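**Student:** Can you keep this structure in mind? I'll have questions shortly.
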Amino acid sequence: MTETNVILEYIEDTYSDIPLYPGNTFEKAKIRELVKMAELYLELPARWSHSEVFFGQTVNELTKKETKRALCKGIEGMARYAQFSPYLAGEQLSAADIVFLYSVDLASVVADKSFGLDLLDMAPGAKQLMTLLNQREDVIKIAEDRKIGNINFKKYMASLT
């Protein structure tokens with residue numbers, strides 16, 4: 001499996017004792033809405049400038065301008081629709097928080113390095129949520145694994161040149 005939504009729904013179906021889409025039908029739809037917003041309005045526009053921010057390639061000015069516009073609108077949308085109390089959809093961790101965590105971290109790097117913007121400052125409660133999420137044992141473990149993966153990826157890339 002490679003698609004985030006599919007993986008999250010698989011986890012939801014397999015481990016129903018820890019729901020990622022808690023609540024009634026409407027509440028579940030709101031979580032799916034927040035997931036989609038994070039994917040489309042934060043992660044996707046950030047990708048337009050990944051080649052410059054992470055790989056040193058040049059991105060044209062029109063792409064950069066559109067990236068900035070889209071990221072600002074995206075985080076403003078999240079600020080309007082998310083609860084941040086303490087999680088995006090309320091008191092319980094959900095799939096929306098997981099997607100937000102890993103979408104906004106890369107989007108934040110792009111916004112900072114490309115435009116000097118702190119995306120998390122643009123959504124009241126977002127910094128507190130990121131702090132809360134990053135203190136989770138599972139998130140800490142993933143961060144450790146990610147560091148090792150990045151080292152191995154850089155070695156692999158170096159071997160290609």
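**Student:** On a full-extension model of 0.36 nm per residue, what is the gain between LYS36 and GLN135, subtracting their alpha-carbon distance, rounded to one decimal in nm? Please list the in-between numbers first.
**Tutor:** Details: separation 99, 0.36 × 99 = 35.64 nm, distance 2.43 nm.
Gain on stretching LYS36 to GLN135: 33.2 nm.
**Student:** Now a separate question. Identify the residues of region 14-45 with backbone N under 17 Å of a label point that sits 7 angstrom from the Cα of ARG69 along the Cα-to-Cβ direction, or state none.
**Tutor:** Within reach of a label on ARG69: 41-42, 44-45.
**Student:** Within 10 Å of each candidate Cβ there may be at most 13 other Cβ atoms; applying that plus a DSSP loop requirement, which chymotrypsin sites (Phe, Trp or Tyr not before Pro) in region 1-100 survive? Write out the running numbers ahead of the final one.
**Tutor:** Numbers: sites: TYR10, TYR15, PHE26, TYR41, TRP48, PHE54, PHE55, TYR81, PHE84, TYR87, PHE100; in loops: TYR15, TRP48, PHE84.
When the chymotrypsin sites (Phe, Trp or Tyr not before Pro) of region 1-100 are filtered for loop state and at most 13 Cβ neighbours within 10 Å, TYR15 remain.
**Student:** Using the beta-carbon distance between ALA79 and ASN5 and R0 = 35 Å, what value does 1/(1 + (r/R0)^6) give for FRET efficiency, to the nearest 0.05? Can you show the working numbers first?
**Tutor:** Details: r = 23 Å, r/R0 = 0.65.
It comes out at approximately 0.95.
**Student:** Right, something else. List every residue whose amide H lies under 5 Å from the amide H of GLY90, counting only residues 5 or more places away in sequence or on a different chain, with H placed 1.01 Å from N in the peptide plane.
**Tutor:** Answer set, sorted by chain and number: GLN83, PHE84, SER85.
**Student:** If you fit an axis through the alpha-carbon atoms of helix 95-115 and take the longest principal axis of the Cα set of the chain, what angle between them do you get, 0 to 90°, nearest 10?
**Tutor:** The two axes meet at around 30 degrees.
**Student:** List, in order, the whole-Hz ³J(HN,Hα) value for each residue of region 39-50 obtained from phi through the Karplus relation with A = 6.51, B = -1.76, C = 1.60 and θ = phi - 60°; use x for Gly and Pro.
**Tutor:** 5, 7, 10, 10, 5, 4, x, 4, 4, 4, 10, 4
**Student:** Tell me, what HN-Hα J-couplings in whole Hz come from the Karplus equation 6.51 cos²θ - 1.76 cosθ + 1.60 at θ = phi - 60° for each residue of region 125-132, using x for Gly and Pro?
**Tutor:** Result, rounded to whole Hz: x, 5, 5, 5, 5, 4, 4, 4.
**Student:** Among ASN150, ILE18, VAL99, which residue has its Cα furthest toward the positive end of the charge dipole of the chain, with +1 on Lys/Arg Cβ and -1 on Asp/Glu Cβ?
**Tutor:** Farthest along the dipole direction, towards plus: ASN150.
**Student:** Compute, for region 1-82, the length of the dipole vector about the Cα centre, with Cβ point charges of +1 (Lys, Arg) and -1 (Asp, Glu) only. Units Debye, rounded to 20.
**Tutor:** Result for region 1-82 is approximately 500 debye, rounded to the nearest 20.
**Student:** Does the chain come out rounded, prolate or oblate, given a ≥ b ≥ c as the square roots of the eigenvalues of its C-alpha gyration tensor, rounded meaning a/c under 1.5 and, failing that, prolate meaning a/b above b/c?
**Tutor:** oblate
**Student:** Show me, for region 10-17, the HN-Hα J-couplings you get by feeding each phi into the Karplus relation (A = 6.51, B = -1.76, C = 1.60, θ = phi - 60°), rounded to Hz, glycine and proline as x.
**Tutor:** With coefficients 6.51, -1.76 and 1.60, one gets 4, 4, 4, 6, 7, 10, 5, 6 Hz.
Only the coordinates and a few stated rules stand behind these numbers; no lab work does. Remember, it's a predicted structure, so these values are computed and weren't measured experimentally. With ideal geometry, Cβ positions are generated from the backbone for all residues, glycine too; neighbour counts draw on all protein chains shown.
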